Ligand code: C2E
Ligand code: MG
Ligand code: MG
Ligand code: MG
């Protein structure tokens with residue numbers, strides 16, 4: 001009985017896997033083509049100072065509009081880019097493009113603006129990563145201390161010794177480091193303390209929990225407190241309404257990002273948006 005069940009289970013599994021794999025391979029080819037045809041682009045989402053409500057930076061988010069005009073969400077294509085190794089070239093392009101945009105924004109007068117760039121695990125652990133990062137900084141002239149790399153919690157926790165070493169070298173370049181989606185990865189707090197981090201990003205899930213009915217789970221509050229205790233900056237992700245912004249500010253969260261303030265937008269739009277913001281305050 002066990003054997004036939006196993007076999008049946010196995011059959012079912014491989015059949016679905018076949019479909020899965022074909023779909024992945026199809027997407028991988030489409031992504032490679034899109035990248036070579038320069039069809040990927042970056043959207044930028046402003047990050048705000050909660051107290052002054054002024055934009056202080058932006059996060060670069062990768063966008064892919066497929067041949068049929070539809071957007072493929074990064075949560076779908078980034079795993080494929082990682083799995084196929086395409087993320088190495090795409091990630092370098094993201095770094096260079098976002099750094100170049102930072103330089104443009106600075107030239108337009110946004111002197112204290114920071115640029116946050118997502119870096120995948122595969123990219124970060126690649127032997128050439130440091131060289132790629134240094135190259136992107138040098139060639140674009142982006143000032144490292146205004147560049148922030150967003151890495152994930154799980155990345156920092158896997159093989160921590162290698163990671164700590166790598167991180168130290170990355171920090172030598174002068175860039176800042178943020179832990180993205182913080183609170184979802186069960187970080188070891190003792191490890192966290194050993195990492196030379198600059199910022200924690202509270203995952204959207206914990207911000208969403210803050211609603212009219214409740215102040216939400218105390219996780220957002222804990223992350224804010226942890227940030228303060230470790231001397232790190234904290235950004236709340238996915239702030240969608242005013243109540244969330246107020247509660248977060250009351251809890252001592254300095255920075256926030258979300259649809260309440262602005263959606264991710266193209267580079268040109270971001271410049272216009274920043275001008276509008278400045279005019280609003282003038
Ligand atoms: P993330 O880095 O945590 O990015 C935040 C995501 O939340 C973005 O989704 C953003 O559009 C979305 N978001 C921002 N504010 C709100 C809000 O108020 N409400 C809601 N519902 N969503 C909000 P996006 O652009 O789809 O990116 C998804 C993930 O894909 C990112 O999560 C990041 O992990 C990854 N990603 C995006 N761009 C890159 C990239 O250039 N390289 C790498 N390695 N990963 C990237
Ligand atoms: Mg991010
Ligand atoms: Mg995040
Ligand atoms: Mg995420």
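Of 68, 49, 180, which has the largest mean-square fluctuation in a 10 Å C-alpha GNM of the chain?
Among 68, 49, 180, the largest GNM mean-square fluctuation belongs to 68.
Restricting to DSSP H runs of at least four residues, report the calculated mean residue ellipticity at 222 nm for the chain, -39500 (n - 2.57) per run over all residues, nearest 500 deg cm²/dmol.
-16500 deg cm²/dmol
Take the Cα atoms of segment 32-172, build their convex hull, and give its volume per residue in Å³.
Roughly 136 Å³ of hull volume per residue.
Between 270, 230, 137, where does the largest GNM mean-square fluctuation fall for the chain, given springs only between Cα atoms within less than 10 Å?
Between 270, 230, 137, it is 230 that shows the largest mean-square fluctuation.
Every number here is computed from the coordinates shown, using simple stated rules; none is lab data. Since the structure is predicted, the reported quantities are computational estimates derived from the model, not experimental observations.
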